[in-house]
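To start, the structure itself, in structure tokens.
A short reminder: the numbers here are calculations on the coordinates, not readings from a lab. Bear in mind that the values here come from a model prediction, so they are computed numbers and not experimental data. For neighbour counting, all protein chains shown are included, and Cβ atoms are generated from backbone atoms with ideal geometry for every residue, glycine included.
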Amino acid sequence: MGYTGLLPNHFLEKLDKKDRPKGAAGLTADACQKAAEAKSEKVLHNLCVTYLQEHHGVKVGHAAMNKKSTFTEGWPDLTLVWHGRPCAVELKVGTNTTSEVQDACIAQLKANGWHVAIVRSFQELIEFLHGVSALPRP
């Protein structure tokens, strides 16, 4: 078998980033996983926002995914009012988990009467919204 041009992960981890090959060939397995998860989260983000705005006419507060957020640190990815109830949705994919700052923000929102969900798929968003819809009117 000939040289594939790809360096083994254990070798890449020892190299300084500036000395690694350009492009995907210079990424460690962990970096490739994080890049794939970021792309997946962006796709999920766009799907959820489009669904809510186009199919339900709901205005969704959300930050652009192509640059660093200017929202309050830890603030959930999506905020909206669903059937008269304040809702917040934190989107996570793959192995991503919430940070301590996000956990604190989510706890504070819940303490103030918000309905909050950590969503990992479009189906989970639908299930969350159905659950909020089924609650008695305030």
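Could you sort out which of LYS42/LYS110; LYS39/LYS110; LYS39/LYS92 sit more than 23 Å apart by Cα distance in this structure?
Result: LYS42/LYS110; LYS39/LYS110 exceed 23 Å.
Which value, in debye to the nearest 20, describes the size of the charge dipole of segment 38-133 about its Cα centre when Lys and Arg Cβ atoms bear +1, Asp and Glu Cβ atoms bear -1, and nothing else is charged?
It comes to approximately 200 debye.
Please identify every one of the chymotrypsin sites (Phe, Trp or Tyr not before Pro) in segment 49-105 that sits in a loop by DSSP and has no more than 16 other beta carbons within 10 Å of its own beta carbon.
Passing sites in segment 49-105 are PHE71.
When PHE122, PHE128 are ordered from fewest to most other Cβ atoms inside 10 Å of their Cβ, what list results?
PHE122, PHE128
ARG85 to ALA63: extension gain in nm, 0.36 nm per residue of separation minus the Cα-Cα distance?
5.9 nm
How far, in nm, would the chain grow between LYS42 and ASP16 when pulled straight, counting 0.36 nm per residue and subtracting the alpha carbon separation?
6.5 nm
If we count every other residue with Cβ under 10 angstrom of VAL116's Cβ, Lys/Arg +1 and Asp/Glu -1, where does the sum land?
Residues near VAL116 contribute 0 overall.
Classify segment 29-138 as rounded, prolate or oblate from the Cα gyration tensor: take a ≥ b ≥ c as the square roots of its eigenvalues, call it rounded if a/c is under 1.5, otherwise prolate when a/b beats b/c and oblate if not.
Prolate.
Give me, ordered by chain and number, the residues 5 or more places off VAL119 or on other chains with an amide H under 5 Å from its own placed amide H.
When sequence neighbours closer than 5 places are left aside, the close amide H contacts are GLU90, LEU91, LYS92.
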